[in-house]
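Here the structure is laid out as structure tokens; the discussion comes afterwards.
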Amino acid sequence: MKFFDRIVQSHKRKIEERNANCQALLEKTVFTIDEMDSFLMSSEDFLDLRQSNFILENQAKLRNILVKPLDKKLKRAVAYRKLLAAQSNYNQKSTSFQRYVSEHNELVAQKKLTDAYNVVGNVEGRKLDSQQMMCILKEAHSHLVIAGAGTGKTTTIIGKIKFLLKKKLCEPNDILVLSFTNASATEMRERIQKEVEHFIEASTFHKLGLNIIKSCEGVVVRVLSRGFVQFPKKYFFEIVFNT
């Protein structure tokens with residue numbers, strides 16, 4: 001009799017464990033779906049792309065489970081059918097999540113386009129095209145613009161600075177423009193000051209690095225080109241091989 005009771009109790013524990021695992025996965029899936037929906041409906045303004053990436057990154061472990069067929073052991077669980085529906089819903093939404101964010105931001109930018117033209121006006125004597133204005137309008141932590149020579153990249157940068165200042169989104173000393181050569185940095189500084197009538201710091205990446213070292217360490221370092229190839233080789237061998 002005790003043997004039979006043990007079998008029954010073991011069977012009940014398995015059922016309870018199966019139902020609990022299924023319910024836990026269901027609740028987590030529903031929570032992540034709600035998280036994505038809430039984010040998409042959180043604002044009528046631009047949605048933060050960093051936050052959308054963060055949401056998907058946090059769901060990576062769950063997504064690895066849900067993109068595959070569910071564990072066969074869960075098929076007899078009470079909430080299995082609900083879990084299947086949630087799985088399908090999640091996979092559809094997670095796949096399209098970034099596209100929804102981009103489409104939302106595109107619609108917001110379109111609505112703000114007319115106002116932006118009124119704020120910026122002409123830049124360096126000409127009206128910017130819609131693609132340039134979209135670059136200026138869209139709010140993002142980082143924004144990659146790919147364009148060929150002579151297409152108006154510098155003019156767009158100047159337009160962005162003009163937009164930020166006129167909308168009072170920042171002060172002139174909050175803006176730093178970086179370039180690769182002294183000549184281009186000087187040209188940008190002069191063109192920006194002529195357009196916005198404020199001094200905006202334009203520097204090379206090297207000068208910025210040197211200024212940071214000077215500010216933090218209190219020393220002025222010299223950048224030498226002579227013996228540059230030998231220098232990393234020498235210290236690489238000293239650090240790695242302790243020679």
Exercise for review: Keeping to segment 84-130, report how many residues are of a type in the set (A, V, I, L, M, F, W, C) and assigned to a strand (DSSP E or B).
Suggested key: 1
Exercise for review: Read through the list (1) surrounded by 13 or more Cβ atoms within 10 Å (Cβ to Cβ); (2) within 30 Å of residue 141 (Cα to Cα), then give the number of the only condition that residue 42 fails.
Suggested key: (1)
**Study point:** Answer from 201, 195 - the residue that is closer than 30 Å to residue 111 by Cα and of a type in the set (D, E, K, R)
**Key:** 195
Review point. Inside segment 165-189, can you point out the residues that are under 17 Å from residue 153 (Cβ atoms) and assigned to a loop (DSSP other than H, G, I, E, B)?
Key: 175, 180, 181
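Within segment 45-57, can one find any residue that is farther than 30 Å from residue 113 by Cβ and more than 19 Å from the chain's Cα centre (by Cα)?
Step one: list which residues in segment 45-57 are farther than 30 Å from residue 113 by Cβ, which gives 57.
Still in the list and also more than 19 Å from the chain's Cα centre (by Cα): none.
Scanning segment 45-57 turns up no residue that is farther than 30 Å from residue 113 by Cβ and more than 19 Å from the chain's Cα centre (by Cα).
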Point to revise | Single residue of segment 123-149 satisfying the filter (of a type in the set (Asp, Glu) and either surrounded by 14 or more Cβ atoms within 10 Å (Cβ to Cβ) or within 23 Å of residue 193 (Cβ to Cβ) (or both)) that is nearest to the chain's Cα centre (by Cα) | key: 139
Review point. When the residues of segment 95-122 are filtered to those that are of a type in the set (D, E, K, R) and under 22 Å from residue 156 (Cα atoms), which remaining residue is farthest from the chain's Cα centre (by Cα)?
Key: 115
Exercise for review: Taking residue 203 as the residue in question, decide whether it is farther than 30 Å from residue 47 by Cα, hydroxyl-bearing (Ser, Thr, Tyr), out of contact with any Pro (no Cβ under 8 Å at 6 or more places or on another chain) and at pLDDT 90 or above.
Suggested key: yes
Study note, to complete from the structure: Out of (1) in a helix (DSSP H, G or I); (2) closer than 29 Å to residue 53 by Cα, the one residue 192 does not meet is (2)
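The values are calculated or read from the model by the stated rules, or taken from the named source; none is laboratory data. Everything quoted here is computed from the prediction, not taken from an experiment. Don't worry about glycine lacking a Cβ; one is built from the backbone with ideal geometry, like all the others, and counts go over all protein chains shown.
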